[in-house]
1. In whole angstrom, how long is each semi-axis of the equivalent ellipsoid of the range 49-130, when you take the square root of 5 times every eigenvalue of its Cα gyration tensor and sort them from largest down?
2. If each of residue 106 and residue 132 carries a label point 7 Å out from its Cα toward its Cβ, how far apart are those two points in nm?
3. How much length, in nm to one decimal, is gained on full extension between residue 29 and residue 80, taken as 0.36 nm per residue of separation minus their Cα-Cα distance?
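Taken together, the values in this text are just the output of simple stated rules run on the coordinates, not laboratory data. Because the structure is a prediction, the values reported are computed rather than measured. Glycine gets a Cβ as well: all are built from the backbone with ideal geometry, and neighbour counts include every protein chain shown.
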């Protein structure tokens, strides 16, 4: 009369769970951007004045706030900057190219100056920001 109810054991299907996991995997694969980043090597100042080398040949490239470039004080176009740097370096492997960027200058002229210095054969490039270039 009082029979114990029979409970059927339910089998949980994993197929919908696997489908959802694959859809999420595809979504995140498509939503993620894979970008290769490039890094610039930055040399920090020496900790003491005794460690600073002073006998190196320095070529100065100025990037003004209006986007123009100067090579050792003379106005030069970006197209001829690498040739001018190559001439001023004179094949000296110890020479340093110092890029001085005026406050308020855009980033693109700075990147153009760095590329021109690399194309001109510079092995050592330093950058710094200055308030105003005379």
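1. After scaling each eigenvalue by five and taking roots: 20, 16, 10 Å.
2. Result for the modelled spin labels: 2.4 nm.
3. Values: separation 51, 0.36 × 51 = 18.36 nm, distance 4.40 nm.
Working it through step by step, the gained length comes to 14.0 nm.
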